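The numbers here are math on the coordinates, done by the rules we state, and not lab data. Model, not experiment: these values are computed from the prediction. Reconstructed Cβ throughout: ideal geometry from the backbone, glycine too, with neighbour counts over all protein chains shown.
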Amino acid sequence: MARMISYREAINEALALEMRRDPSVIVMGEDNAGGASAGSPGEEDAWGGVLGVTKGLYGEFPDRVLDTPISESAFIGAAVGAATAGLRPVAELMFIDFMGVCFDQIFNQAAKFRYMFGGKAVTPVVIRTMYGAGLRAAAQHSQVLYPLFTHIPGLKVVVPSNPYEAKGLLIQAIRDDDPVIFCEHKALYDMQGDVPEGAYVIPFGEANVVRDGDDVTIVALGRMVSYASEAAEELAGTGVDAEIIDPRTTSPLDTETIIESVERTGRLVVVDESNPRCSVARDISAIVAEEAFGALKAPIQVVTAPHTPVPFSDVLEDLYIPSTQDIVNAVKTATDWKR
Amino acid sequence: MSDITNVVMPKWGLSMTTGRVTEWLVEEGEEVSAGDDLLEIDTDKIAGALESPAGGVLRRQIAELDEPVPVGATIALLAPAEVPEEEIDQAAKAAREQLEAGAVEESAGPEIGKVTVDGREIAYARMGSEGEHIVLVHGYGGDKNSWLFVQEPLSSSYLVDAIDLPGHGESTKDVGDGSLDVLAQAVTGYLAERGIERAHLVGHSLGGAVAIAAAAAAPAQVASLTLIAPAGVGPDINADYLRGFAQAQSRRELQPHLTALFADPSLATRQLADDLMKYKRLDGVDASLNALLATLLDGDRAGIEVAPLLSSTRVPVRVVWGEADAVVPISNAEGLADRADVTRVPDAGHMAHMEQPSAVVRAVTSAVEATPAQQPA
């Protein structure tokens, strides 16, 4: 009990446990082993990916941790193909912003095989990728693009919010027979949490009710879950009792838990770091408006980034990311609303 | 100063770092005996009453209501009436300053570790430093942390180990054929591995049946038995609860079953359900819970029968049973009367050791004290 490790270590541990358990699991990506200079196993696997998530795996599994060229369209295609041929590849696509060059492999190939071959083909590939603003990495390395993948039937999309969730959801992703886009927020890698040592799975499509409350439902995704928790603590001081729901996966989405909660609280605030148009926030907002309209005591509030690219200026980037105060304000708008 | 007893925030479970006083049950100036409930404490896991560590007058309430207090920090002062006010004021000031500075030495906490028995790792948490050995054995789906209210008070007089049975907590999840023998051998093997010649066993529910089987199989190793709502001494068992617990795949499915565990259903907290789901999601737990379920149930009746084993033992036996037990009902206690001293506890369900821990502590103490001293070999 109470073994604290980081989000980064939790992901690394999930990979190591699954590689030990199942020889068909392989890891591939840019500098996952050690880059072009990698020599003998265990000695030069210094990088373990650009932020060190796969560090140490090359030493233990020298034949199953593969460095790839800087060609996402090639190695994501290779991973998808290997999955159809019996392996369980975990491909690391460094920044989610680079996904554009390999959309065909993901959207039109991996997502479709199960359906086009009458259920006879499976594609157990995991694409791990970093998303999110806050690292001063500007417009081309900071986007929150999980809504794009959520839109495509046949893909499963995972947005873990803390170390415990990251480990259990990644193990589920690796064991899952469908293609999974596993979205890791770069600002969470150093987050510490209580994580069991052994392997465990968190099922997809089952939201986590992070906090019970009766006055307002806050649905928050990824990094925004801890922001919502901070906001809820602040709101508790003013007599507003917020329920917080972390959907864990945007596809499949546990709408049942969200609707059940809104039917009790009558108010919904959705917090999503992505741009607002066609976002998961707007999707959840629409679902609740369709299915629980009668329960709403106030208009649904959505807290997102603005509809702009992520700014390069530090000051503007900080303003761009939804803040705890933004969440508190949205909740107050909902609770103060009068017809 | 030496006549003043500092009542400190207890450590109820491995992960507890702070607690809050939610209600004073004794006012300043009132006289108390050791074991009286002094105040209610809420942790992030569970709420419970803290018993007085000594007799005397409650001279000061140090902690404010709802103030977070670190484990080990002083929350109240007890002293005989004749200790002068100035001394109490001084001690209160020191305690308050320490609390405000947050300068509390982290209490050592339990010693935790694992030993290997029959190829399986068995996890344990040990509290106390001397006295007779006591080993606490949890029930189906439980773990060593379920003894949080019992292990600490017992550890002031005894050396108390709480263990995780195979399939549970941090022990190896494989339970072999899931038979009682596998579990009983894990307990006796644990004693041997730790060099404990003879121990007093305390078992709850399935752990009660395990303790009985261990005592029957290895009479020289077991000094006494304290059984809390033991499974298998009679035929009645709540099969729906057991199946529901084994099958639940989410917190939403699990939570309704958990209210069956307590007389006070509000104790079936979401934290408890979350912790249990974290356990149920571990690899191998599904298989072990199902294997043990096949042992525990024969249709809708108890699938094990340990009353004959209990009759074959010669050690002191104490039984504690919550009158509101909805999992292994107290009706099973009939027929035990000539073999054991049965304490019926009002206001407790199946988890008597969580709802009325003082009754369990008294029963264990009584069993230990009733045990004849070990003959020198």
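Some points to look at:
- Taking label positions 7 Å along the Cα-Cβ direction at both residue B:65 and residue B:369, the computed distance is 3.6 nm, reported to one decimal.
- Radius, Kirkwood style, for segment A:242-305 when every pair of distinct Cα atoms is counted (Å): 11.8
- The spread of Cα positions in segment A:208-336, taken along each principal axis and listed from longest to shortest, comes to 42, 34, 24 Å.
- Short-range pairs are left out: with C-alpha atoms under 8 Å and at least six residues apart, the relative contact order of chain B is 13 percent.
- Calculated Rg and Dmax of segment A:4-194 using C-alpha coordinates, Å: 15.4, 46
- Size descriptors for segment B:206-327 (Cα atoms only): Rg and Dmax, in that order, 15.8, 46 Å.
- The residues neighbouring residue A:161, those whose beta-carbon lies less than 10 Å from its own, together hold a net charge of 0 under the Lys/Arg +1, Asp/Glu -1 convention.
- Calculated from backbone phi, Karplus (6.51, -1.76, 1.60) coupling profile of segment A:53-65 in Hz, x at Gly/Pro: 6, 9, 4, x, 5, 4, x, 7, 10, x, 8, 10, 10
- Over segment B:111-369, volume per residue of the alpha carbon convex hull, in Å³: 106
- Which of A:280, A:307, A:293, positive extreme of dipole for segment A:232-329 (C-beta unit charges): A:293
- Taking 7 Å steps out from each Cα toward its Cβ at residue B:339 and residue A:241 produces label points 4.7 nm apart.
- Of the residues B:136, A:253, A:169, the one with the fewest other Cβ atoms within 10 Å heads the list, and the complete ranking is A:253, A:169, B:136.
- Compactness check for segment B:165-262: Cα Rg over 2.2 N^0.38 Å is 1.20.
- The residue A:115 and residue A:277 beta-carbon pair, evaluated with R₀ = 25 Å, returns a calculated FRET efficiency of approximately 0.35.
- For residue A:338, the lysines whose Cα falls under 20 Å of its own Cα, not counting residues fewer than eight places away in the same chain, are A:297.
- Under-5 Å amide H pairs with residue A:95, H placed in peptide plane, nonlocal only: A:130
- Karplus (6.51, -1.76, 1.60) ³J(HN,Hα), θ = phi - 60°, over segment B:312-324, in Hz, Gly and Pro reported as x: 7, 8, 10, 8, x, 10, 10, 10, 10, 9, x, 5, 9
- Plainly put, the protein assembly as shown has a radius of gyration that is 1.01 times its Kirkwood radius, both from alpha-carbon atoms, as the Rg/Rh ratio.
- Alpha-carbon centroid distance for the pair segment A:266-305 / segment B:140-211, whole angstrom: 49
- At R0 = 41 Å, FRET efficiency that the Cβ-Cβ distance of residue B:118 and residue B:266 yields, to 0.05: 0.55
- Model label points for residue B:287 and residue A:84, set 7 angstrom from Cα along the Cα-to-Cβ axis, are 3.3 nm apart.
- Net length available on complete extension from residue A:234 to residue A:316 is 27.0 nm, with 0.36 nm assigned per residue and the Cα-Cα distance removed.
- Trypsin sites (Lys or Arg not before Pro) restricted to segment A:133-184 and DSSP loop, no more than 14 other C-beta within 10 Å: A:136
- Mean residue ellipticity (222 nm) of chain A, computed from DSSP H runs ≥ 4 via -39,500 (n - 2.57), nearest 500: -9500 deg cm²/dmol
- Across B:144/B:280; B:173/B:278; A:55/B:114, pairs whose alpha-carbon gap is larger than 21 Å: A:55/B:114
- Residues with amide H under 5 Å from that of residue B:55, placed H, sequence gap 5 or more: B:34
- Label zone at residue A:256, where the point sits 7 Å out along the Cα-to-Cβ direction: segment A:267-301 residues whose backbone N lies under 17 Å: A:288, A:291-292
- Rounded to the nearest 20, the size of the Cβ-charge dipole of segment A:146-202 about its Cα centre is 140 debye, with Lys and Arg at +1 and Asp and Glu at -1.
- Förster-model FRET efficiency, 41 Å R0, residue A:60 and residue B:217, C-beta, rounded to 0.05: 0.45
- Normalised per residue, the volume of the convex hull around the Cα set of segment B:5-101 (Å³): 81
- Sequence-distant residues sharing a close amide H with residue A:268 (under 5 Å, placed H): A:217, A:301
- Residues in segment B:18-45 that a label on residue B:81 would reach, taking backbone N under 17 Å of a point 7 Å out along Cα→Cβ: B:27-34
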